[in-house]
Every structure is written in C-alpha cells, then in structure tokens.
C-alpha cells in the first residue's frame, strides 16, 4: 500500500494552489507516495474587517493548522504549506521550517480599478484611495506619496478585487503581492510592478515555506529533496533580520534581495515610521553559502539599520501600540 502524506493548507484558492505546488514537487521526487491536501479555516480567514496588526498578527494564519500538525488523531497532518511571509520568525518550540521552495516574483504590484486609465503610482491623482492591509506598504507609500489616502482591505485575492471594482467601496487601486496573482492566473490584473524606491517587499514574500514537527525525521528527509538552496539562504537572511528587529505584521520592514550564481547575497532593507516621515535604510552585500552565514548576515543588516535610526522608529511604533490597548 502506498504511503499517504497529508499536507495542511488554509482554505483559500491561493493557499490550496500553493499546497498543490508543493504536492506536485514532492510527487515528482517520490512517485510511489500519495500526497493529500487537507484544508482548514484559520482565524485570519474568518476576521475580514480588521487589519492584522490590530488583533494578533501572523500567528492568525498558522495556529489552527499547527494543532493538526501535533495531533495524534486520524485528521492529523504531516506538514503545512505557508506563504513564507505569513510565518512568524519565532515558531513554537515544537515546530520548524522544513523547507523553503523556489521563490516566485517577490515584488508588490499596483492593481488599478478597471474603469480608470492610470498606469502607475506616479499617474494617480491626489486623494486617490489605496487599498491595503499592510502597514509596511502604507508607511513606504506615505513617504513617497503623501497626497494619497489609505484604506484597509481584507479578504482573499478575489474578494479584494471585487471590493476594488465596487464603486461604493471607493478604492482607486490595490497593492497586492505579485506572486499571489500570478499563481492563480490573475497576472492580467497587474498594472505596475513595484520596487525600490517606491515599495520594498515583505520578508519571505513570494516563497513557500513548509512547516513540520521538529522531531519528524521522515518528513524532513522528503523535504530535503525539494528545498531550493538559493531561496533558502536569502529568506533565512531576511527572516534573521526580521527576528533581530523583533518585527512582525505591524512593523514596516521592507526588503529587496538578490543572490548571484556564486552565492553573493545583496539585501536592501528599510524600516519606515507609520506616518512615513522617518526612515532607516541599509544595504549589505556578502558571500553566503550556509544557513548559519545567512543568519549572521541578517543580524548584521539589522545592526546596520539600528545604527541608522531603526531602533528609535521601532520604539515609537511599540509605544503607540501600547497606547492603543
């Protein structure tokens, strides 16, 4: 009898597609195994009227699935497929990221309402309403385009696109992740790809991370065959940077990263105040060939940002969060 590996996923179309990508990648390496996708709704899926930073952050996407990962019941799962950008840098002690797969386009994109003719951020009129639930995106865009208004938009990609097209919602455009649109064949919705100096993307954006139990050596052996090492090194550095700064959904940390064929990693990063008036930037370039070196790279880049004023910005953000409670 063929062994069945159960892969956990959120219920959204994008999440299922991402789980299918991992399942197909594993099936190509292990054709004698069956790979079954198990879906579960998370709190982050259920609460659609608030920004994530206001009620719990990244763990909202992971905790319900993690319950199945540690379960000994028949409905238990062997691994969870995540958008890596949604995975906390500090996982619960019993879990780890078993593999990071090849990264899709990590950039953010502009999606303009279909009845409007604007083709870029620079063409948008003053008082345009930008839909995004990301503090990172809002902070960076406020710095570059203080004339725009920002309005939280939640839901899966199709829900957000429907809100954009609804005149009563009042959105001019949305800022979304390119990878999500491309993975569900909605690349035709993209108006403009965004990069530095407009918007640096989120840590881990575009990459798929597979979470497993730390002691599960069998599943780790499977994942060792499908991990993408260049992506792993870059994303490990990005996550180390984020962890050193103790940032999450509510901290406006942006990155833009590349790795050369000879393992030279270059990461540009910024921490921007929520109002967009202050920014700390840093850029580091170094040969990185192991995950340990990637961890050290991220920590050093964090120190560089702190030396440029990131600590002061983060202290102000944390104070404001406490004041709201």
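When only Cα pairs below 8 angstrom with a gap of at least 6 residues are kept, the chain shows a relative contact order of 20 percent. For the Cα trace of the stretch 149-261, dividing Rg by the Kirkwood Rh returns an Rg/Rh value of 1.02. Principal axis extents of the Cα atoms in the stretch 107-179, from largest to smallest and rounded to whole angstrom, are 28, 24, 21.
The mean sequence separation of alpha-carbon pairs under 8 Å and at least six residues apart, normalised by the residue count of the stretch 108-194, gives a relative contact order of 47 percent. For residue 2 and residue 182, the difference between the fully extended length at 0.36 nm per residue and the C-alpha to C-alpha distance is 61.5 nm. Measure nothing but the geometry: give the 0 to 90° angle between the long axis through the Cα atoms of 291-307 and the longest principal axis through the Cα atoms of the chain, rounded to 10°. Once rounded, one gets 20 degrees. Secondary-structure-derived ellipticity at 222 nm for the chain, considering helices only, amounts to -10500 deg cm²/dmol, per-run term -39500 (n - 2.57) for DSSP H runs with n ≥ 4. For a test of the definition: using alpha carbon positions, the gyration tensor, and the 1.5 limit on a/c, classify the stretch 208-285 as rounded, prolate or oblate. Note, shape of the stretch 208-285 comes out oblate.
Contact order for the stretch 228-325, expressed relative to its length and based on alpha carbon pairs under 8 Å spaced 6+ residues apart, stands at 31 percent.
Taking the number of Cβ atoms within 10 Å of each Cβ as an exposure proxy, the fewest-first ranking of 211, 165, 291 is 165, 291, 211. The share of Cα pairs per 10 Å bin across the chain, counted from zero up to the longest distance, runs 6, 26, 34, 25, 8, 1, 0 percent. For the chain, the longest principal axis of the Cα atoms and the long axis of helix 310-324 meet at an angle of about 90 degrees. Could you work out how far helix 13-29 tilts from the main Cα principal axis of the chain, as a 0 to 90 degree angle to the nearest 10? Here the helix axis deviates by roughly 40 degrees.
Counting DSSP beta bridges in the chain, what percent are antiparallel, to the nearest 5? Here the antiparallel bridges make up roughly 70 percent for the chain.
Any read-out appearing in this document is the output of simple, stated calculations on the displayed coordinates, not a laboratory observation. Just so we're clear, the structure is a prediction, and the values are computed from it rather than from any experiment. Here the Cβ is made from the backbone with ideal geometry for all residues, glycine too, and neighbour counts use every protein chain on show.
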